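Structure first, commentary second.
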Amino acid sequence: MPKALSPALFAAAMAVLVFTACTRTNPGPELHSPSAPMALQAGQQQQGASADEDRADGAMDDDSPAEVPAVPEDPPAPEPDRTTLPTGWGTVPAPPLDEAGPRIDTGIDHVVILVVDGVRSDAIATLGTEGAPTWHRLMAEGASTLNARTDPRRTYTNPNHLGMITGLVTDGDDGHGLRSNRDVEGTLHDLRGAYLPSVHDVTFHHGLTTAVFASKPKLDLLSRSWTPEHAAPSSAREDNDALRIVAESFNELDDAETHAVALEFLEQEELPAILFLQYSRSDGIGHSSGFNPTPGSAYMRELTRIDGYMAEILERIEQHPALAGRTAVVLTTDHGGEGTNHFNLDHAANWTIPLVVWGPGVPAGTDLHALNAEGRADPGDVIASDAAPPPIRNIEAGQIALRMLGLPPIPGSRVGVAPPLQVFAPAARPAEDAEARPAPPGGAPAPEAAPALTP
């Protein structure tokens, strides 16, 4: 028979076992090699995001949970082919700004890109004109669809917001590459391994500016990569050290504060060409109480609250002498939601979203897919990740804003470029006479044949 361990040896063996078990279940902070590419580190975070990626707003309704539960992890999504983009988009990217031609006069000087976080389309339909009067006013007075789509494979915050201002999908060699839903260090150019053009570059090249207000602090990624020290210089500007983004505000999930900052900002006499404005508390309520489209749910009441904020933004626009009659709105969301998350691609409510375009020249009460029958296809009830023609997507928001301002598309993008999304009524589409277009600042010459606004 084997000999029994002495008390001292038995205690030592047990200590080793306990230590080994603890280190396996609690390995400590994740370590990244300084030499590992940032894109690889971010790429290892899958569609099933961890609990701290999307926290709810701290100020909940009285009948909402006092503490926000952790966002559950979903199984990792299948890895897409990173060498190709969805087949529905054109094969030729938008040209560099020096080759794209000057601005066209569309009668629009300002665009507000308004993003309400975590909005499923059936919630807007169910709320109707009583629960979401501003949504439905913009739909009645503009062109819209409740059957738009998110990024083809990513139904969460960061990839879709970045897609809106870069005109890029997430995946593929030509994608923006931000697969993580957490805040990232450095610039987005570092993450991609190459410069990432955006709406900020296009407006700056044409002597215009932008502003970004959001109630998710991690969304400062929408501006910090385009500060003067990180942005690519414009050949049309001699003042490349000037600000592209003249105002920004990012707070700790407080829509009321974001809204107050936006209203005060809209009182200024001189305003940027594009204001990107994001409200997030609907997403927070969805994560804590459920993205529940039943009338009277906490989620639906929050959408009604944010609808009231939107009404005040419209009122401020219509009362401002420089904005009234010369401002457009692009209204959309980053994703929908099902249960208490929005990560599972098997759930249609996660990727079926609204998109609304409102402003001078936009045909009232028009379906956006019908207005773009030759270049877009209503996806029905399928995700349509690789459909050709593609469905209308939220990541076209920045391109729509530029088009409404008479500006060329974001260089390098294929999303919303060939053909571009048509938002004007045929009779209101701008003239295509290159000689009538004001030249960019700095005297950059216009090309012999400027690109057409209409297909």
Pulled fully out, how much extra length does the chain show between residue 182 and residue 105, if you take 0.36 nm times their separation in residues and subtract their Cα-Cα distance? 23.8 nm
Pop out the ³J(HN,Hα) list for region 157-170 in order, Karplus 6.51 cos²θ - 1.76 cosθ + 1.60 with θ = phi - 60°, rounded to Hz; leave Gly and Pro as x. 5, 4, x, 6, 5, 5, x, 5, 9, 10, x, 10, 6, 6
What list do you get for 245, 313 if you sort them by fewest beta carbons within 10 Å? 313, 245
Considering the dipole of region 105-430 built from charges on the beta carbon (Lys and Arg +1, Asp and Glu -1) around the Cα centre, which of 260, 217, 297 is farthest to its positive end? 297
What nm distance separates the two modelled labels at residue 264 and residue 312, each placed 7 Å from Cα along Cα→Cβ? 1.3 nm
Can you list residues whose amide H is under 5 Å from residue 249's amide H, if they're 5+ apart or on another chain and H is modeled 1.01 Å from N? 212, 213, 214
Calculate, in nm to one decimal, what residue 92 and residue 241 gain on full extension: separation in residues at 0.36 nm each, minus their alpha carbon distance. 50.5 nm
For region 374-384, in order, what is each residue's ³J(HN,Hα) by Karplus, 6.51 cos²θ - 1.76 cosθ + 1.60 with θ = phi - 60°, in whole Hz (x at glycine and Pro)? 7, x, 9, 10, 4, x, x, 10, 10, 5, 6
For residue 148, list long-range residues whose amide hydrogen, built 1.01 Å from N in the peptide plane, is under 5 Å from its own amide hydrogen. 353, 355
Along the Cα→Cβ direction, 7 angstrom out, place labels at residue 230 and residue 304. What is the inter-label distance in nm? 4.0 nm
Amide H to amide H, which residues 5 or more places from residue 113 or on other chains are under 5 Å from it, using H placed in the peptide plane? 275, 276, 277, 330
Nearest 20 debye, what's the magnitude of the dipole of region 288-396 about its Cα centre given +1 on Lys and Arg Cβ and -1 on Asp and Glu Cβ? 300 debye
When you count, for each residue, the other Cβ atoms within 10 Å and take the mean per peptide, how do 195-202, 135-142 rank with the highest first? 195-202, 135-142
Name the residue farthest towards the positive end of the dipole of region 105-430 from the options 371, 188, 118, assuming +1 on Cβ of Lys and Arg, -1 on Cβ of Asp and Glu, about the Cα centre. 371
Using the Cα centre of region 105-430 as the reference point, and only Cβ charges (+1 on K/R, -1 on D/E), how large is the resulting charge dipole? Debye, rounded to the nearest 20. 640 debye
Using the Karplus curve 6.51 cos²θ - 1.76 cosθ + 1.60 with θ = phi - 60°, work out ³J(HN,Hα) for each residue of region 206-221 in order, rounded to whole Hz, and write x for Gly and Pro. 9, x, 10, 9, 9, 8, 9, 10, 8, 9, 10, x, 5, 7, 5, 4
Multiply the residue separation of residue 386 and residue 190 by 0.36 nm, subtract the distance between their alpha-carbon atoms, and state the gained length in nm to one decimal. 67.7 nm
Note the direction-averaged projected area, equal to a quarter of the hull surface, for the Cα convex hull of region 332-414, in nm². 6.7 nm²
Of all DSSP beta bridges having both residues in region 105-430, the percent classed as antiparallel (nearest 5) is 30 percent
Footprinting exposure proxy for 366, 106 (fewest neighbouring C-beta atoms within 10 Å first): 366, 106
Region 105-430: Cα Rg divided by the 2.2 N^0.38 Å rule of thumb: 0.91
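No lab work stands behind these numbers, since they all come straight from the coordinates. Here the structure is a predicted model, which means the values were calculated and not measured. Glycine also receives a Cβ, built like all others from the backbone with ideal geometry; neighbour counts cover every protein chain displayed.
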